[in-house]
Structures are given as structure tokens and as C-alpha cells.
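FYI, it's all coordinate maths here, none of it is from the lab. All values reported here derive from a predicted model rather than from experimental measurement. Cβ sites come from the backbone with ideal geometry, for glycine too, and all protein chains shown count toward neighbours.
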Amino acid sequence: MTDARIIGLCGTNGAGKDTVGALLAERHNYLFVSVTELLRKEARRRNLPVERQYLRQISAEWRREQGLSVLVNQAMQEFNEVADQYDGVVMSSLRNPAEADRIHELGGTMLWIDADPKIRYERIRGVDRGRSGEDDKTFEQFLAEEKAEMYKPADGDDTSLNMAVVKERCDLTIFNDSSDLDKLDQILKDALRIA
């Protein structure tokens with residue numbers, strides 16, 4: 001039996017993982033930790049462009065040095081410092097199978113978020129998320145980047161991204177094709193059995 005106090009979010013690019021995290025934070029008193037933002041901060045610290053290829057490299061490096069579930073462990077460390085102030089923690093965007101396994105070891109729930117590719121592409125192009133370098137792509141580039149993260153490369157190891165396996169390990173799937181936040185919130189409440 002999984003627990004909705006610890007939620008790991010994963011899914012396709014532009015599906016609304018950060019939106020789900022923000023909804024759980026704003027409406028249900030969860031601490032929202034973007035593990036992708038942890039990687040972005042590290043890229044900036046290293047004076048690297050904040051682009052997906054560099055974020056993948058940093059995440060693989062951290063997994064080699066600190067263990068495969070390093071990003072979940074960092075998010076849990078943040079949560080544990082303030083756990084008495086929140087009803088739970090939600091973290092996104094988990095892209096390595098060991099991260100899904102760690103969420104389950106902690107008794108948590110893995111949630112896959114998806115939407116139609118055209119809708120997802122329009123979302124990343126239509127909203128200024130402060131990620132112009134990351135989001136300034138053609139539709140073909142968008143799909144190619146997603147494919148690079150979906151499957152472990154032939155020359156990859158266990159530190160590589162492999163979202164297809166993460167998807168297989170998810171407990172729940174939500175399709176987020178709408179822009180109606182109240183509808184999305186109700187879907188989340190029903191799926192996660194939260195008030």
C-alpha cells in the first residue's frame with residue numbers, strides 16, 4: 001500500500017508536472033521540490049548553459065558519486081527539515097528507475113503525468129517559465145530530446161535517464177490535456193485520495 005504523503009512525479013516534457021506539484025503545494029499543503037531545479041542551480045554554479053544535455057550530465061555524475069537515488073534523497077532532506085509544517089512532499093521530475101524505487105522504499109506513490117505531444121509542445125512554447133534556453137526548440141527537437149530521456153542510451157549505464165522504466169514503476173497515471181486547474185485538482189484528489 002502506497003502513501004500519498006510522499007509523491008514522486010514523472011512524465012513527459014510539458015505534461016504539467018510542475019503544475020501538479022504547485023497545485024499540491026498551494027491547495028493541499030505539500031512541500032514542492034523540483035529536482036530539475038536542483039540541477040539547474042548546479043549548472044548555473046558551474047557556468048554551464050541551462051540546457052537539457054547538461055542537466056542529464058550533472059544528474060548522471062551525481063548518481064555515480066552519491067548513489068542512484070541522490071535526487072530523491074536531497075528532496076527528502078529538504079522535507080525532513082520542515083516536515084512538521086507540511087502534510088507531505090511532492091517532488092518532480094524523476095527520470096531514473098532508482099528514483100522510483102526509492103520513493104517506493106519510503107512508502108510513497110509514483111505518479112506519471114502525460115498529455116498529447118502537441119499540447120505539451122504548445123505549453124512549453126506558450127508560457128514564459130524562465131527557461132528560454134531549455135524551451136526554445138522546434139517540435140522535432142522537443143520530441144528528440146524527450147526520446148533521449150525516455151530510453152537508456154545504448155552506451156548508458158544505471159546513472160542514465162530511463163523514463164520508460166520509471167513509467168512502468170508508477171502507481172498512477174494522469175492525463176493532463178486540459179488547462180482547467182480545478183479539474184486537474186479534482187483528478188489529483190480522487191487519484192491520491194487526499195482532501
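Note on the chain: helix-only mean residue ellipticity at 222 nm, from DSSP H runs of 4+ residues weighted -39500 (n - 2.57) and normalised by residue number, equals -16000 deg cm²/dmol.
A cut-off of 5 Å between modelled amide H atoms, ignoring neighbours fewer than 5 places along the same chain, links Val89 with Ile6, Ile7, Leu31.
Over the chain, the ratio between the Cα radius of gyration and 2.2 N^0.38 Å evaluates to 0.97.
If you take every residue apart from Glu61 with its C-beta less than 11 Å away from the C-beta of Glu61, what net charge results, scoring Lys and Arg +1 and Asp and Glu -1? For residues surrounding Glu61, the net value is +2.
For Val166, neighbours were defined as the other residues whose beta-carbon sits under 15 Å from its Cβ, and their charges (Lys and Arg +1, Asp and Glu -1) total 0. With just the Cα atoms defining each centre, how far is the range 177-195 from the range 1-74? Give it in Å. Here the two parts' Cα centres lie 21 Å apart.
Judged by the mean number of other Cβ atoms found within 10 Å, the most tightly packed of the peptides 181-188, 93-100 leads the ranking 93-100, 181-188. Residue ranges 71-78, 58-65, 141-148 sort as 71-78, 58-65, 141-148 when ordered by packing (mean number of other C-beta atoms within 10 Å per residue, highest first). About its Cα centre, the chain has a charge dipole of approximately 300 debye under the convention of +1 per Lys or Arg Cβ and -1 per Asp or Glu Cβ, with nothing else charged.
A dipole drawn for the range 6-190 from +1 and -1 charges on Cβ atoms has a positive end, and of Val82, Trp62, Pro117 the residue lying farthest that way is Trp62.
For Ser93, neighbours were defined as the other residues whose beta-carbon sits under 9 Å from its Cβ, and their charges (Lys and Arg +1, Asp and Glu -1) total +1.
Counting 0.36 nm for each residue step from Ala144 to Ser178 and taking away their Cα separation leaves a gain of 9.8 nm. The count of lysine pairs in the range 15-163 whose Cα atoms are under 20 Å apart, excluding pairs fewer than 8 places apart on the same chain, comes to 7.
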